[in-house]
Amino acid sequence: MSDHSKEYNNLRDMLVAAQTMSKFQKIHNLIRPDFLLLLKITEEHKNDVARFDTLYRACLTRFFTLIEADIYGLNQLDMYSGYDDKKDRFIEKFKETYKQICATWNKQELQKKYFDTKLQLIIELKGKRDELVHPKKIEHIHKASEEEFKKLKTAFEDYDKFIKDLMNDFFVSTKINLF
């Protein structure tokens with residue numbers, strides 16, 4: 001058994017976990033290419049202020065669609081204590097989800113490194129996304145800039161690498177007693 005495997009007590013539970021993991025991966029792998037294409041299109045329109053602003057704002061919201069789908073899917077696989085999808089506590093859910101998953105699959109060093117070096121940018125972008133989705137002031141309709149777009153791309157690249165590293169060498173298993 002791998003260091004990065006969760007063993008289930010029976011075949012039924014292991015099969016449910018495998019199906020849940022497969023569903024998570026399918027959803028992630030549908031949203032991710034959409035987001036990559038949106039980044040590419042945004043990049044191509046950097047010289048058109050109106051399009052760049054609009055596309056940047058679409059990227060900002062869509063990035064969190066990907067993360068929120070991942071959080072939900074991973075909690076269906078291995079729910080942390082107190083998880084409640086109905087409450088809007090994104091950063092808490094983010095932290096607790098990845099702490100739980102990384103502890104279960106023995107990837108705490110990966111989680112610690114990501115949280116120590118990359119989480120602050122997610123928190124910053126989440127604040128901007130919230131302002132954009134629930135604007136109270138005109139400046140909450142964020143304007144695009146090369147710098148802000150680069151931050152968003154960096155946050156995505158870092159998150160994408162984190163998810164790939166997390167899911168690499170990530171297994172579910174069970175023992176079958178033949179006798």
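The values are calculated or read from the model by the stated rules, or taken from the named source; none is laboratory data. Remember, it's a predicted structure, so these values are computed and weren't measured experimentally. FYI the Cβ positions are ideal-geometry reconstructions off the backbone, even for glycines, and counts take in every protein chain you see.
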- Do we have residue 41 as within 30 Å of residue 104 (Cβ to Cβ) and modelled with pLDDT of 95 or more here? no
- Out of all the residues in region 1-30, which are touching a residue at least 24 places away in the same chain (Cβ under 8 Å), out of contact with any Ser or Thr (no Cβ under 6 Å at 6 or more places or on another chain) and assigned to a helix (DSSP H, G or I)? 13, 17, 18, 20, 21, 23, 24, 25, 27, 28
- Apart from one, (1) in a helix (DSSP H, G or I); (2) under 27 Å from residue 141 (Cα atoms) all hold for residue 46; the odd one out is (1)
- A careful count of residues in region 142-173 that are among the hydrophobic types (A, V, I, L, M, F, W, C) and modelled with pLDDT under 95 gives 6
- Residue satisfying condition, being more than 30 Å from residue 171 (Cα to Cα) and in contact (Cβ under 8 Å) with a residue 60 or more places away in the chain, within set 132, 77: 132
- Task: Have a look at 65, 20 and point out the one that is surrounded by 15 or more Cβ atoms within 10 Å (Cβ to Cβ), at pLDDT 90 or above, of a type in the set (S, T, N, Q) and under 22 Å from the mean Cα position of the chain (by Cα).
- Result: 20
- Take the residues of region 80-119 that are more than 16 Å from the chain's Cα centre (by Cα) and among the acidic types (Asp, Glu): which is farthest from residue 170 (Cα to Cα)? 84
- Of the numbered conditions (1) of a type in the set (D, E, K, R); (2) within 21 Å of the chain's Cα centre (by Cα); (3) closer than 27 Å to residue 132 by Cα, residue 48 satisfies every one except a single condition; which is it? (2)
